[in-house]
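Undergrad: To start, I am sharing the structure in question, which I have written as C-alpha cells.
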Amino acid sequence: MSTLLAALSQLAPDPGYSTPRIDWHGLAPEIVLSAGGALLVLLDAIKLERAKAWMPALANLTLLGTLIPILTLAVEGSTRSLFGGSFVVDPMSLLLKAMFLVVGYVVILLSTNYVAEGDYWESEYYTLLTTSILGMVVMASARDLLMIFVALELLSIPAYMLAAWRKGGRTSNEAGMKYYLMGVFASAILLYGMSLMYGVGRSTRLDVIAENLARPEMQSGVPIVTLAMVFIVVGFAFKVSAVPFHQWAPDTYEGAPTPVTAFLAVASKAAGFVALIQVVFYGFYVRPDIIEPLFFVLAVASMTVGNLIALRQTNVVRMLAYSGIAQAGFMLAPFVVVGDNFDSALSAVVIYLVIYAAMNLGAFAVIIAIARKTRSAEITSLGGLFSYMPGMTVAMTIFLASLTGIPPLGGWYAKFSVWSALLGAETALGVAMAIVMAVNTVIAAYYYLNIAKTMWFDDAPDGDVAPVKVPVGLTGAVGIALVATLVFGVLPGLLTDIAAFGPVSAALGGG
C-alpha cells in the first residue's frame, strides 16, 4: 500500500502548476457551431424520415445561434488572445465570422428546395455544409500556420464532396475530381512552404515569424525566405482561383450543383482570402519587397485573363466563374501596397470581401430561381425574363450593376476602397495597379451589361411568358443579398465603421 501511495504521489500535479485558462466566451461561436453539427450527425444516424425534413431548419438555426455569441463579443469590443496568441478574437475576425455564417444561411435557403426536389442525399449535405463553415469560422481567428492549415482542410474536404454531390452526373463527378486533385496539390505546396517558413521564422505563430523576419540578417540574402513566401502564396492562390492557378474553377462551378457552386464561389473563395489576410498582414508584411511584386503579378493576371475569357462565355455559370477569377484579382490588388498603406489595404480587402459575398451570392440565387423554368444556364435562355419574372430581372440587374461597380450599389464602394488604398500609398506599383484595375472594370462592364440587355430586351426563346412561382426560401435568399448590396452602397459608412480595425500596423510594429 505504501508503494502504491508513493507512486500516486508522483502523479500528483505540481503545486506551482496551473491549468491554462480557457476563454469560453471567445470560443463560444466555434462551440455552438460544433454542437449544431454534432446534432445534425445524430439526427442523420437516427434515420427517421421526419428527421430528414428537419435538417435544413436545424442547420439554419445552428448558424443563427452561432451569431449570438458573435454579437455579444462585438458588443463587448475587446480583443481576446487564446492559446498563446494562436487564436485571436478581434473586430475583424468577428466581422468575417458573421459574413461566413450569413453566407451559409443564404446557401441553405438556396439548397432547401433544390436538394429536396433533386436526386440528392439530403442529411449529409447539411452536415458537410455546416462542417465546412466551421472551418471558415476558425480560419477567421487563426494566427498560427498550423491552425490555418487545419482550418483550411476542415473547410476544403467537405467542399470536395459537395462539388460531386450530383452523384449520377458525369459533369458533377468531373467537377469534384478536378477540385479534389487540384486542392490536394495546392495543399502539398502550401504545407511545404509552411515547413520552410517554420525553419526560417523559428515558430508557427505569425507574430513571432514577423519578428524574426524583421531581423537585419533576414532582410536580404536569404533566398529560402522568398521561396517559403512564394510557396505559401501559391498554395492559397489555388484556393482563391487566381491566375495561373485557376484551371479547376470553371469546370467545377459548372459541374457542381448550383447552390454548391454559389458556396464555392463565395464562401470558399472568401475563406482563402481570409487565410491570405492572416499570413500576409500578420506575418509577411515585414517583407514588402517580396510580397508586393508577387501580388502585383497575380492581381494583374487574374483580373485581365478572367475578364477576357469571360467575354467569350455563352453559359452564365461559366461566365460568373471567370468573373469570379477577375474579382479575385480586384481583391488581390490591395496586397500590392501592404508595406506602404497597411491599414487602408487591410480594410479594403475585408470591405471588398463582404460586398462581393452579397452581390455574387445574389446573382447565383437568381440563376437558381430562373433555372426552375429554363432548365438551362445558357445566356440566351434568359431572353424575355422581364416579361415573366420581373422581380428577379430587377434583382439580377442590380447585382450585375453592382459587380460592374456602378454607384450607388455596394460594388462601387468596394472598388472605391481598393482604389483609395492603392492611390493613397503613392507608389509606382500602387498607381500602376489602379490603372490596370480601371481598365478591367470597363472590360467587365461589357459582359455584365450584356446579360442585363438579354433579360430586358430579347424575346423568350420558347415564347412562354407564363409567371413562374419561386419558393419562399429562394425569394428570401435573393432579398437578403439585395438588401445587403443596396445598404452597403447607399450607406457605406456602416461597413467602414465596422472595418475600421484601428491602427493595426502600429500594434504589429508595421509601417
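The values are calculated or read from the model by the stated rules, or taken from the named source; none is laboratory data. This is a predicted model, so every value here is computed, not measured. No Cβ is skipped: glycine too gets one built from the backbone with ideal geometry, and neighbour counts run over all protein chains shown.
Undergrad: Out of all the residues in the stretch 1-24, which are surrounded by fewer than 13 Cβ atoms within 10 Å (Cβ to Cβ), part of a loop (DSSP other than H, G, I, E, B) and either modelled with pLDDT under 80 or in contact with a strand residue (DSSP E or B) (Cβ under 8 Å, 6 or more places away or on another chain) (or both)?
TA: M1, A12, P13, D14, P15, G16, Y17, S18, T19, P20, R21, I22
Undergrad: Condition check: among the β-branched types (V, I, T), more than 22 Å from T314 (Cα to Cα) and buried (at least 22 other Cβ atoms within 10 Å of the Cβ). Does V431 satisfy that? Steps first, answer last, please.
TA: Details: among the β-branched types (V, I, T): yes; more than 22 Å from T314 (Cα to Cα): yes; buried (at least 22 other Cβ atoms within 10 Å of the Cβ): no.
No: the conditions fail for V431.
Table: residues versus (1) part of a helix (DSSP H, G or I); (2) over 21 Å from the mean Cα position of the chain (by Cα); (3) touching a residue at least 60 places away in the same chain (Cβ under 8 Å).
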{"site": "L67", "(1), (2), (3)": "yes, no, no"}
{"site": "I70", "(1), (2), (3)": "yes, no, no"}
{"site": "S81", "(1), (2), (3)": "no, yes, no"}
{"site": "M92", "(1), (2), (3)": "yes, no, yes"}
{"site": "L96", "(1), (2), (3)": "yes, no, yes"}
{"site": "F100", "(1), (2), (3)": "yes, no, yes"}
{"site": "S111", "(1), (2), (3)": "yes, no, yes"}
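Undergrad: May I ask you to list pairs of residues, at least six apart or on different chains, whose Cβ atoms are under 6 Å apart, with the first in the stretch 416-444 being in contact (Cβ under 8 Å) with a residue 24 or more places away in the chain and the second being of a type outside the set (S, T, Y) and assigned to a loop (DSSP other than H, G, I, E, B)?
TA: A421/N341; G424/N341; A425/D340; A425/N341; T427/D340; T441/G405
Undergrad: Tell me which residues, restricted to the stretch 330-345, are modelled with pLDDT of 90 or more and in a helix (DSSP H, G or I).
TA: The answer is F330, M331, L332, A333, P334, F335, V336, V337, A345.
Undergrad: A further question follows. Name the single residue that is nearest to A328 (Cα to Cα) among those in the stretch 226-251 being surrounded by fewer than 22 Cβ atoms within 10 Å (Cβ to Cβ) and among the β-branched types (V, I, T).
TA: My answer is V234.
Undergrad: Quick test of your reading of the structure: R318 fulfils all but one of (1) at pLDDT below 90; (2) under 17 Å from V478 (Cα atoms). Name the failing condition by number.
TA: Tallying (1) at pLDDT below 90; (2) under 17 Å from V478 (Cα atoms), R318 fails exactly one: (2).
Undergrad: In addition: Return yes or no: is V115 over 24 Å from Y356 (Cα atoms), of a type in the set (V, I, T) and buried (at least 19 other Cβ atoms within 10 Å of the Cβ)?
TA: It is true that V115 is over 24 Å from Y356 (Cα atoms), of a type in the set (V, I, T) and buried (at least 19 other Cβ atoms within 10 Å of the Cβ).
Undergrad: Out of the residues in the stretch 375-393 that are surrounded by 20 or more Cβ atoms within 10 Å (Cβ to Cβ) and over 13 Å from I451 (Cβ atoms), which is farthest from the chain's Cα centre (by Cα)?
TA: G384
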